[in-house]
Amino acid sequence: MRRHQGFTLIEVMITVAIVAILAAIAIPAYSEYVQRARITEAVASLSDMRVKMEQYFQDNRSWAPPGPTVAPCNAGTVAPLPTTPNFVFTCPVLTATTYTILATGANTMAAFSYSVDQANNRATVSLPGGWTSSATCWVLKRDGTC
């Protein structure tokens, strides 16, 4: 008598169920990991921009000198705005003695927004639903960790 070799339908269904359970756990965890990496891109650029703004102030003794082409946050100065694929950077507040730099998410990061000012006050301006916010630091993780 010859014996048939192969997998039974039950064995295949169990394997598919195990793979589905693993995917249900792994895909959201990976998506959050990618978001956290993109957040790091924003806060690193904000930190770098703050250093450049301080250098600009040392050179000009003001953050808003006469003439828009020589003001910081413009190309051609020591403090041009960074460009990243996931965040858009702006200087919504720029006076002789104060500034605020804002990083607003783009594309899949649209709900995220972070800011820094001349006193190094770091704030999380907006986050997606389910994230814990903070007005005194840059939130890096869903649980509100800074």
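For the reader, a short list of remarks on this structure follows.
- Efficiency of FRET from Cβ geometry, Ser62 and Ser126, R₀ 35 Å, rounded to 0.05: 0.70
- Comparing mean-square fluctuations of Ile25, Ile101, Ile39 from a GNM of the chain with C-alpha springs under 10 Å, the top value falls on Ile25.
- With the alpha-carbon atoms of the stretch 9-126 aligned to their principal axes, the span from lowest to highest coordinate is 77, 25, 19 Å, starting with the largest.
- Compared with the alpha-carbon gap, the fully stretched path from Lys141 to Glu41 is longer by 34.6 nm at 0.36 nm per residue.
- Residues considered: Asp48, Asp117, Asp59. Largest GNM mean-square fluctuation over the chain, using C-alpha springs under 10 Å, is found at Asp59.
- Toward the positive end of the charge dipole of the stretch 9-126, with +1 on the Cβ of Lys and Arg and -1 on the Cβ of Asp and Glu, the farthest Cα among Val116, Tyr99, Gln35 is that of Tyr99.
- C-alpha long axis of helix 9-60 to longest principal axis of the chain, angle in °: 10
- Of the residues Ala44, Ala75, Thr15, the one whose Cα sits farthest towards the positive end of the charge dipole of the stretch 9-126 is Ala75 (charges of +1 on Lys and Arg Cβ, -1 on Asp and Glu Cβ, taken about the Cα centre).
- Structure remark: mean-square fluctuation, Gaussian network model of the chain, C-alpha springs under 10 Å; the largest value among Ala20, Ala135, Ala106 belongs to Ala20.
Only the coordinates and a few stated rules stand behind these numbers; no lab work does. The structure presented is a predicted model; accordingly, all values stated were derived computationally and were not measured. Don't worry about glycine lacking a Cβ; one is built from the backbone with ideal geometry, like all the others, and counts go over all protein chains shown.
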